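Have a look at the structure below, then the notes.
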Amino acid sequence: MEKFKLHFFKEQTRKIDIKATISFFETIEGFKIESDDKSFRFLYKDPRLQYEARFLIMPKSQVKDIYRLNPKFLDINFQLELPLLSPNYFVEKMIDIVKKLTERFDYYIYHETFENVLNFRRDLVLKVFMLLKERHIELNPRLLDQYVLVETNKLSSVLRYIEDNLELQKFYQQSNTYVPHYHFLINNEQQLKLAFEWRYDTLTVLPPNLDYIFLNRGSDISIIKYSEFFELAKKYLEDVPGFIKNTKVVQPNNLKKINKILKRKKFSEVLDVFSNIEHTKLLD
């Protein structure tokens, strides 16, 4: 898979504090460290999102045309490699790690699209990544056969919900409020649809960007269009405090009213046939 490569430089020295670098990555959940006589590999797998990236210390420079760069900056053969087909939400997480790395060790950054070595600039790194990803997809459109395209803001909110699901579970544990996981579905027209299963008469969080509710009443599971439910129930739903916009929760004082809507109202029949997809196959 095509990689985005960001190189690290130092001013007037090539010295790397290996022990401090190892300690830096050991403090970040999801990193595994490998090494041999010639290289160090800091391998990252996001513990909740499952996307991967890696930082490498190599025996030789990987920078093309290094002779044209400002000679006061020295290549330390250290780089980030990030798959170009990564969602922007994950890329921003990795860029935040780069920011901490450059601040901790006084590193500068370089990408082959830059005119020269630069101080860390978050906006520039993200912009270059997004442009290269877009170009890569344009030149290789068949790659999208493996993915479903999703608008960036929508995918970012979905991924943040997945990432923070465990914290929400802890937050709502005392109130016995269910914090569901998404069902990622593809309909007849190859469009992404988001759903969750709701056990009737249960307090629940409602994730953002929902399309359907799978209402479980024991021996019967029905599919409800979320937009229809929300129009009837919105005055009984409350925002999850300090969280993603349009993430709602059913509070105990409103459960009977919600149950009444779910039990007595007639909702449109859903005729679509769905297939499941993993969130790692979603791309913005």
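Data table
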read-out	value
Nearest 10 degrees, 0 to 90: helix 152-171 Cα axis against the chain principal axis	70
Backbone HN-Hα couplings from phi across segment 36-51 [Karplus 6.51/-1.76/1.60, Hz, Gly and Pro as x]	9, 5, 10, 8, 10, 10, 9, 9, 10, 10, 4, x, 10, 8, 6, 6
Accessible area expressed per residue, the chain, with surrounding protein chains retained (probe 1.4 Å, Å²)	57
Qualifying lysines (Cα of each under 16 Å from Cα of LYS10; at least 8 residues distant if same chain)	LYS60, LYS72, LYS99, LYS100
R0 of 30 Å, Cβ-Cβ distance TYR200-VAL148: FRET efficiency to nearest 0.05	0.50
Local electrostatic count, ILE221, Cβ distance below 12 Å [Lys/Arg +1, Asp/Glu -1]	0
Additional length obtainable on full extension of the chain from TYR178 to GLU81, 0.36 nm per residue less Cα span	31.1 nm
Surface share of carbon and sulfur [accessible, 1.4 angstrom probe, percent] for the chain	47
Structure-based [θ]222 nm, the chain - -39500 (n - 2.57) summed over DSSP H runs of at least 4, per residue, nearest 500	-9500 deg cm²/dmol
Among PHE230, PHE196, ASN254 the positive-end extreme of the charge dipole of segment 194-284 (Cβ point charges)	ASN254
Amide H partners (placed H, <5 Å) of LYS3, local residues excluded	LEU84
Part-to-part distance (alpha-carbon centres) for segment 37-103 and segment 112-154, which is given in Å	15
Residues with amide H under 5 Å from that of LYS248, placed H, sequence gap 5 or more	LEU206, VAL240
Amide H contacts of LEU282 (H built 1.01 Å from N, under 5 Å, at least 5 apart or other chain)	VAL148
Cβ-Cβ FRET estimate between ARG121 and ILE261, R0 fixed at 51 Å, reported to 0.05	0.55
Label assignment, semi-axes √(5λ) of the Cα gyration tensor in Å derived from the structure, set (1) 30, 25, 19; (2) 46, 21, 15; (3) 27, 26, 19	(2)
Shape of segment 140-275, Cα gyration tensor, a/c cut at 1.5	oblate
HN-Hα J in Hz across segment 138-143 - Karplus 6.51, -1.76, 1.60, θ = phi - 60°, x for Gly and Pro	4, 7, 9, x, 5, 4
³J(HN,Hα), Karplus 6.51/-1.76/1.60, whole Hz, each residue of segment 269-275, x for Gly, Pro	6, 9, 9, 4, 9, 10, 10
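The values are calculated or read from the model by the stated rules, or taken from the named source; none is laboratory data. Predicted model, so just to flag it, every value in this text is computed and none were measured. Counting neighbours? That spans all protein chains shown, and the Cβs are built from the backbone with ideal geometry, glycine included. Quick note on the areas: whole protein, heavy atoms, side chains included, nothing else; ligands and nucleic acids left out. Shrake-Rupley method; radii C 1.70, N 1.55, O 1.52, S 1.80 Å.
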